[in-house]
Amino acid sequence: MQSTARRFKQNAHEAMADAPLQKALGNIKHGFIQKRRKAAARLPEFEALRDQAREIKNHTLAHLDFYLERFEQKVVDNGGTVHWCRTAEDARRAILSVCRLVGAKTVTKGKTMIGEEIGINDFLAEHGITPVETDLGEYIIQLRNETPSHIIAPAIHVNKEQVAEAFRKEHTHLEPGRLLDDPPQLLAEARQEMRDKFLAADVGITGANFLIAETGSSVIVTNEGNGDLTQTLPRVHIVLASLEKVVPTLEDASTILRVLARSATGQEFSVYTTFSTGARRADDLDGPEQYHVVLLDNGRSDMIGTEFQEMLRCIRCGACLNHCPVYGAVGGHAYGWVYSGPMGAVLTPSLIGIGEAGHLPNASSFCGRCEEVCPMRIPLPKMMRHWREREFERQIRPTVARTGLRLWAFMVRRPWLYRRLTGFAVHMLASWAHGGARLQRLPMAKGWTAYREFPVPEGSTFVDQWRAHQRQILEEELA
Amino acid sequence: MTTRGEIFARIRAGIGRDDALDDEKARELIDRLESPKRNLVPARSDLDRTRLVDLFVSMAEEAAATVQRVSHAGAIPRAVVSYLARHNLPMRVTMAPDSSLDRIPWKLEPMLALRQGKADPADEVSLTAAFAGIAESGTLMVISGAHHPSTLNLLPDSHMVVLHENQIVGAYEDGWDLLRRAQGDGEKRLPRTVLFVTGPSRSADIEQTIQMGAHGPRRLHILLVADYVGQGRQAS
Amino acid sequence: MADEKPNVALFATCLVDLFRPTVGFAAARLLEDAGCEVSVPHVQTCCGQPAYNNGDRKDTRRIAAKVIKAFAGYDYVVAPSGSCAAMIRRHYPELFKDDPKRAEAAQDLADRTYELVSFITDVRGRRAVVARHDGSCTYHDSCSGLRELGVREQPRTLLRSVFGLDLHELPDSDVCCGFGGTFCVKYPEISNRMVEEKVKNVQETGAEMLLAGDLGCLMNIWGKLRRDGVDIQVRHVAEVLAGMLDRPPIGEIKPKRDVPSWPPASASVQD
Ligand code: SF4
């Protein structure tokens, strides 16, 4: 997928002027956030489970090679195939060759963020294979030729009028005058349309929330059931997953699942949690004939052993997006690539480079709400700061900002100089204000005064006033 | 170097280890996989049988499933027919070829047309057995196999499930233990799918408003039977 | 440290030092009332957050080393800011984790450093203050204090003890106001959207006065309220707790000193 992360500020500006988007973002507060809070409060062990979830993933990442080997072995024992892919291109090729092998014409897809990451839809289409998204939200944005704006609610930015418009444009074989005013009508139409596509597809591609080393299973979690239809009806099931999805045992997955649904949607458990192990068995009446796992690295192995390793614990629950005030202001598309919000601000630079995605880890007030809710206790602000450090070291930031910062740091380390300069600053600000208490414009702080008044210092600095005050007390005592 | 080899080399470089694990460490990790230990299991489902069943029912209902409690298997045909009538559904049901369902005295309801097999896209109602019920979240644990085509859980608009009270366990981990035990030493593989179903299908993708029946069933109706027959009833 | 009167260094923080000395005096009064001997080391400047949060780790370490030296020898170091206290408590030790000797000194300072209000309650054991304010207030939880130091109930407890004060809970009081240090000037448009939300919530409470424990947030919210022409007073929570309401609220003080009239063309004035 083409990144527009460099245009973050412009993207954000446009997003903040987009009324339907702003309305949708406003709904998050009373939806996801409240539901998560209730679900977490209801389970006394929730915080302890978060600790354990973190430990499970830490343990796995510390022995990732071992667990991946075991997973692969089990998949092979079960009659499946693992395709190792270093790059997005490798993964696209692997998927295409499987599709070609069975002469696939259409491919249904469960929701997969990795699919977005490698741009699989466009690639398949270029090669004459029609990809069909089956998650309702993904389907909507596919019709609108958009990318997801939220990792668990891809069409969160679209309102129902826009959905109706997209359906009318696409479903031209249906009665043009039909009613499409309500969400239920829209859902019914999508369901009907999708049914035929499910049945016609030759290959089904799903993502994976987990891969289980113990059993060689892949796990998907959905509320719609689209993922299950995607992997059950076609002849071939391709699991597209990145390599950090592996966990050791069914028990480990169960523990993390307990925090996943609660953090994501505030549900006790998602509607469908499916552990898939290989292709259909000799006496099964349904299910795919082939089971492939396309295992993608795409920069992740390089994160191991670095200050960004902890990001590989992420289970894509979306809680950090929902609770992020920056995401809440600008939505997902502003981030310019597949992943958005705090997790995107950390992950995207790892995957497409800090030069391209430099804005993302900078556009945070470090309020820490993401880390507070992250079920995997990923220290997101800390890692954003690490990106800023890398940027600073590599001098990617604008020179003016760097120089200003260094000058300021120079002064801060020299209290005598600092006292003089702050004294002077007090003086200057007061002079600019002509004896008033506030400034409406300030040349060095346009970013501030474009939207806010700037207060004029009360008088001399506190340290100076305190010194004077102490002297006065002393004099009074002496007198 | 193969792609696979390259990936492993990079992972190991990151971990700071040149080669695969030494034998001792590997043994330890293999043990961790072969005799899986439970992590923290919430105390919520640590209850006596009656209250466990009640918890299952209330959690399932909270997830928008409907639960009908019947005293014995002989009452199931009546319950099915009245459910279909109540929802204006045809008296036609596609049933899983599961021996535990065969034993239900269906003849008591001659109006009911039963077909056994995998789901056909035109089917409106399916009836299956479940492997277990998980009380902590009101979840059905369903396994695929010759006796349970997985399409039956997904394609029809209404899904009915027969579950016996003594199939209800507390936590997911109890479900896994039950499955491992039911498989015994013969079959090492898990069934093709182990599906945990918590309520009927839904989507909130249009304006964050929840609507039922997105792709899977719009209705999930659990027939909860009070009689006693051994655990792990769904053929596995 | 077991003696009756702990020797407390007041770390005013750079914003209070420069913009609002009133907060420094209020903090000193609160500390004295809580039985502390207060000093204000003259060599204090800034905790280094601007450098730290902009990726300049080297300068941050240098600044931190200075701060560690400046506050050596005091029983406690107290700052009227959750964010500066958290910088020292949570981040200084981490800065020196590759240098055991300095790490030890950093940890030592971290262990002695507190945010003002939580110091009064948690360390000095005070559950009430002697102060009066006939009016309604609402309280914004500044992010660092709340999430890095667990400051939440402490200010509310003390505020409830202020005679006559009517405390209205602020909806979404735990959501960032959009200040974020240099964030507010690096991404002003987004910061503005965040403070707009905050101001909306503040107005919703119907309170006459907004309080918080960090001057950065207060200046930001005050700036937005005034720009929107909303007449809600803004003060640091310490001012109310110390009973220092005789001084005008934030942004209402006209500097007394005569200043040379040197108006740059771009600066304009308002009372
Ligand atoms: S970073 Fe944490 S909160 Fe964000 S999506 Fe990943 S697991 Fe969820």
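Bear in mind these aren't lab numbers, they're just calculated from the coordinates by the rules spelled out. Just so you know, these numbers come straight off a predicted model, no measurement behind them. Neighbour counts run over all protein chains shown; Cβ positions are idealised from the backbone, glycine included.
Taking chain B as the reference, fit the longest principal axis to its C-alpha atoms, fit the long axis of helix B:3-15 to the helix C-alpha atoms, and give the angle between the two in degrees, 0 to 90, nearest 10.
Approximately 70 degrees, to the nearest ten.
When you look at the Cβ of every residue in C:241-250, what mean number of other chain Cβ atoms sits within 10 Å?
Partner-chain Cβ atoms within 10 Å, mean over residues of C:241-250: 1.
Percentage of Cα-Cα pair distances in segment B:165-213 greater than 18 Å, rounded to whole percent?
Tail of P(r) above 18 Å: 52 percent of Cα pairs.
Hey, if you drop one equal point scatterer on each alpha-carbon of segment A:364-479 and run the Debye formula without solvent, what base-10 log of I(q)/I(0) do you get at q = 0.09, 0.21, 0.23 Å⁻¹?
Relative scattering, expressed as log10 I(q)/I(0), comes to -0.46, -1.18, -1.21.
Please get the size of the charge dipole for segment A:178-308, origin at its Cα centre, with Cβ charges of +1 on Lys and Arg and -1 on Asp and Glu, quoted in debye to the nearest 20.
Value, rounded to 20: 80 debye.
Over the Cα atoms of segment A:148-203, what Rg and Dmax result, in angstrom?
Just the Cα atoms of segment A:148-203 yield Rg and Dmax of 12.6, 34 Å.
Work out how far the C-alpha atoms of segment B:7-140 reach from end to end along every principal axis, then list the three figures in whole Å, largest first.
70, 38, 26
Rank B:THR151, B:LEU140, B:THR209 by how far each Cα sits towards the positive end of the charge dipole of segment B:42-235 (+1 on Lys, Arg Cβ; -1 on Asp, Glu Cβ) and give me just the farthest.
Highest projection toward the positive end goes to B:THR151.
List the residue ranges in chain A for DSSP H helices whose C-alpha atoms run 18 angstrom or more along the long axis and whose Kyte-Doolittle average is 0.0 or above.
TM-like helix candidates: A:88-101, A:250-264, A:399-412, A:415-432.
Over what distance in Å are the Cα centres of segment A:392-460 and segment A:226-261 separated?
If we compute the Cα centre of each part, the gap is 53 Å.
Please report, to two decimal places, log10 I(q)/I(0) for chain A at q = 0.13 Å⁻¹ as given by the Debye formula with identical point scatterers on the Cα atoms and no solvent.
-1.25
Rank A:PRO325, A:LEU405, A:LEU417 by how far each Cα sits towards the positive end of the charge dipole of segment A:262-417 (+1 on Lys, Arg Cβ; -1 on Asp, Glu Cβ) and give me just the farthest.
It is A:LEU417, whose Cα lies furthest towards the positive end.
Could you work out the mean count of beta carbons from other protein chains within 10 Å of each residue's beta carbon in A:217-228?
6
Take every Cα-Cα distance within segment B:130-199, group them into 10 Å bins from 0 onward, and report for each bin the whole-number percent of pairs it holds.
In order of increasing distance, the bins hold 20, 53, 26, 2 percent.
Taking N as the number of residues in segment C:10-140, what value does Rg over Cα atoms divided by 2.2 N^0.38 Å take?
Cα-based Rg divided by the globular estimate yields 1.10.
What is the ratio of the Cα radius of gyration of segment A:415-478 to 2.2 N^0.38 Å, with N the residue count, to two decimals?
With N residues counted in segment A:415-478, Rg over 2.2 N^0.38 Å equals 1.42.
Among B:SER150, B:SER99, B:SER137, which one shows the highest mean-square fluctuation when chain B is modelled as a Gaussian network with alpha-carbon springs under 10 Å?
Checking each option, the largest mean-square fluctuation is seen for B:SER99.
Over the Cα atoms of segment A:43-298, what Rg and Dmax result, in angstrom?
Taking only Cα atoms of segment A:43-298, I get Rg and Dmax of 18.6, 59 Å.
Just need the relative contact order of segment C:65-138 here, percent rounded to a whole number, with Cα pairs under 8 Å and 6+ apart.
34
How big is chain C along each principal axis, measuring the range of its Cα positions in Å and listing the largest first?
53, 45, 41 Å, listed from the longest principal axis down.
Looking only at other chains, what is the average number of their beta-carbon atoms within 10 angstrom of each beta-carbon in B:119-129?
The mean count of partner-chain Cβ atoms within 10 Å per residue comes to 1.
Considering only C-alpha atoms, what is the centroid distance from segment A:126-195 to segment C:171-206, in Å?
35
At q = 0.19, 0.21, 0.23, 0.30 Å⁻¹, what log₁₀ I(q)/I(0) does a Debye calculation on the Cα points of segment A:182-235 give, no solvent, two decimals?
Debye intensities relative to I(0), on a log10 scale: -0.75, -0.84, -0.93, -1.15.
Please give the peptides A:216-223, C:80-87 ranked by average Cβ packing (other Cβ atoms within 10 Å per residue), highest first, as a rough proxy for protection.
Ranked from most to least packed, the peptides come out as C:80-87, A:216-223.
Given the options B:THR66, B:THR128, B:THR193, state which has the largest fluctuation in a GNM of chain B using a 10 Å cut-off (strictly under) for Cα springs.
Looking only at B:THR66, B:THR128, B:THR193, the biggest GNM fluctuation is shown by B:THR193.
Sort all Cα-Cα distances of segment A:1-86 into consecutive 10 angstrom bins from zero, then give the percent of pairs in each bin up to the one containing the longest distance.
Final binned percentages: 13, 18, 20, 32, 17, 1.
Just name one of C:VAL129, C:ALA110, C:PHE96: the one whose Cα is farthest towards the positive end of the charge dipole of segment C:89-149 (beta-carbon charges, Lys/Arg +1, Asp/Glu -1).
Positive-end residue among those listed: C:VAL129.
What is the magnitude of the charge dipole of segment B:1-76 about its Cα centre, with +1 placed on the Cβ of each Lys and Arg, -1 on the Cβ of each Asp and Glu, and no other charges, expressed in debye to the nearest 20?
160
Taking amide H atoms as placed 1.01 Å from N in the peptide plane, list the residues 5 or more away in sequence, or in a different chain, whose amide H sits under 5 Å from that of A:VAL294.
Amide H neighbours of A:VAL294, under 5 Å, 5+ apart: A:HIS83, A:VAL239, A:LEU240, A:ALA241.
Mind computing the radius of gyration and Dmax over the alpha-carbon atoms of segment A:362-408? Å is fine for both.
Looking at segment A:362-408, its Cα Rg and Dmax stand at 13.3, 40 Å.
So what's the angle, to the nearest 10 degrees on a 0 to 90 scale, between helix B:76-86 and the longest Cα principal axis of chain B?
Between helix and principal axis, roughly 80 degrees.
Work out, in µm²/s and without decimals, the Stokes-Einstein translational diffusion coefficient of chain B at 37 °C, 0.692 mPa s, Rh from Kirkwood over C-alpha pairs.
My calculation gives 166 µm²/s for D.
Principal axis lengths of segment C:128-241 from Cα atoms, whole Å, largest first?
Extents along the principal axes, in whole Å: 41, 33, 21.
Considering only C:TYR114, C:TYR187, C:TYR139, give the residue with the highest GNM mean-square fluctuation for chain C, with springs between Cα atoms whenever their separation is below 10 Å.
Of the options given, C:TYR187 has the highest mean-square fluctuation.
Between the alpha-carbon centers of segment C:1-48 and segment B:182-204, tell me the distance in whole angstrom.
62
Kindly point out, ordered by number, any Cys in chain A whose beta-carbon has no other cysteine beta-carbon under 4.7 Å away.
A:CYS85, A:CYS99, A:CYS314, A:CYS317, A:CYS324, A:CYS374
Find the relative contact order for segment B:42-235 and round it to a whole percent, using C-alpha pairs within less than 8 Å whose residues are 6+ positions apart.
Computed over segment B:42-235, the figure is 29 percent.
Return the long-range amide H neighbours of B:MET160 (sequence gap of 5 or more, or a different chain), with a cut-off of under 5 Å between placed amide H atoms.
Placed amide hydrogens put B:SER126, B:LEU127, B:THR128, B:HIS221 under 5 Å from B:MET160.
Excluding A:PHE462 itself, calculate the net charge of residues whose Cβ lies under 14 Å from the Cβ of A:PHE462, where each Lys or Arg counts +1 and each Asp or Glu counts -1.
+1
Do me a favour and compute the ellipsoid semi-axes for segment A:36-122 from its Cα gyration tensor, root of five times each eigenvalue, largest one first, whole Å.
34, 20, 13
Using every alpha carbon pair in the protein assembly as shown, what percent of pairs falls into each 10 Å bin from 0 up to the bin containing the largest distance?
Cα pair-distance distribution for the protein assembly as shown, in percent: 2, 11, 19, 21, 17, 13, 10, 5, 2, 0, 0, 0.
So, with +1 on the Cβ of K and R and -1 on the Cβ of D and E, and no other charges, what is the size of the charge dipole of segment B:42-235 about its Cα centre, to the nearest 20 debye?
460
I'm checking a number: the convex hull volume of the Cα atoms of segment A:255-393, normalised per residue, in Å³. What is it?
It is 146 Å³ per residue.
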